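Beneath this line is the structure, given in structure tokens, with notes to follow.
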Amino acid sequence: MLQHFLLGESSYTDIVLISEALFPVLFLMILSMGWLEQLSFQGFSFSPQEKHTMTSTLGSSCHPVEEQRARWERKRCRTAKELVETEQQYLEQLGLVATYFVAILKAKGTLKPADQEAIFGCLESICSASRTLLFHLEGGRLGLGLEGFCHQLVLYVCYAENLGKAQSTLERQVRKNKPFSRFKKLQESRPEFGGLCLEQLLPLPLQRLSRYRHLLKDLVGNTHPESSDFKQLTGVLKSVSEAYHRVQEISRCRDNANQMRRVQKLLKGQKTRILAPGRWFLREGWLSVVPPKGEELQRRMFFLFSDILLVTKPCHPLHPWNAHKFACQAVLPLRQGTVQKVFGHTQSQGGLLSVSFPHRTLLLLSCNQEDFHEWHQTLLTAVRQLQMDSPPAE
């Protein structure tokens, strides 16, 4: 394009593009040679504000790398400030539990030592680790404080493993231990708690671990790779992320066990055992079973797990102790099943599923399109996963 311009063969568009490209260079020459002042004498007048605007505009276009680094540094400073401020708030809330519950209960003896240990676990140690971290953060020793904190992450994993036991023990003590129940209400009524109860404060460490991970991602993302603490912060983020994923897996397993225990309590009798190693709860809901001989639709409650499909019907509503329970009619192994849509491929009102097993086929009807789609996808995924995990037939 420049060669055509020099030979006089450029189009108007080429000239405009060349002018835009050369303008910053020409303007820099004007500034460096003092021509801006000379232009003023030749009828071109520039106010001080206009000169400053032109100079700053040119300067910003000539230093994009420095501008980007400045933006990174501003974001990094904001994140570091947020880390300090939220750590102060977190430690303040942890301190409420440590001061008004753990310390006083130890002195009073309202709870047995085993029950107190079950409820609060290693919360005092987590509180101590947070104080040390905050001491370094407030002193500006970001990398040093976070690196030392990594050695305390095992406390968060232990706390997560104990949280389910802590919550069930707390619930039982509130229900059965009247002195503790009164003490708990009295402490929670203090203005320092701001209306929060002990049940809301116990999960705080696990919520904070998630926040650590988020803030560290921002810190690493806004730290220049050549910075002295980039490698240090990257290592801290890796350690925190590993602890976070471990805690998430613990929480997932605990929630799954709670769901299976809940379903077990819903079933009449003890013949059908739900709890089994490696079994995962997937979904539950009402579906209508279409009988093979044109009889009336049979409304049934289905419980879907990763390896079985449970077909149940509600017990009689006037039964003295089973009114709100379900009687198990069939336990169908998904490994031997196949799932097909009979109809419901379009945006209609629901659909019909065929779930086939070696000795039985179920036609399941749902009148809700979204519910039908979710049942189809979940069943299909569960069956495929089991068949993929099955050893090949010899």
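No value in this document is a laboratory result; all are computed from the given coordinates. Keep in mind it's a predicted model, so treat the numbers as computed, not measured. Every residue, glycine as well, gets a Cβ built from its backbone with ideal geometry; the counts of neighbours run over all protein chains shown.
Quick notes on this structure:
- Distance between the modelled labels on ALA107 and GLN232, one decimal in nanometres: 4.0 nm (7 Å Cα→Cβ projection).
- Straightening the chain between TRP286 and LYS325 buys 12.6 nm, computed as 0.36 nm per residue apart minus the Cα-Cα spacing.
- For LEU352, the amide hydrogen comes within under 5 Å of the amide hydrogens of VAL342, PHE343, GLY344, counting only partners 5 or more places away or on other chains and with H modelled in the peptide plane.
- Take the Cβ atoms of GLU117 and GLU370, set R0 to 35 Å, and the FRET efficiency comes out at 0.15.
- Taken along the Cα-to-beta-carbon direction at a fixed 7 Å, the label points for HIS359 and ALA257 span 3.4 nm.
- Packing-based ranking, highest mean first, of 355-362, 86-93, 64-71 given that Cβ atoms within 10 Å are counted: 86-93, 355-362, 64-71
- With a simple spin-label model that places each label point 7 Å from the Cα along the Cα-to-Cβ direction, the separation between GLN387 and GLN349 comes to 3.3 nm.
- In order along the range 237-249, phi translates into HN-Hα couplings of 4, 4, 5, 5, 5, 5, 5, 4, 5, 5, 5, 4, 5 Hz, rounded to whole numbers, per the Karplus curve 6.51 cos²θ - 1.76 cosθ + 1.60 with θ = phi - 60° and x for Gly and Pro.
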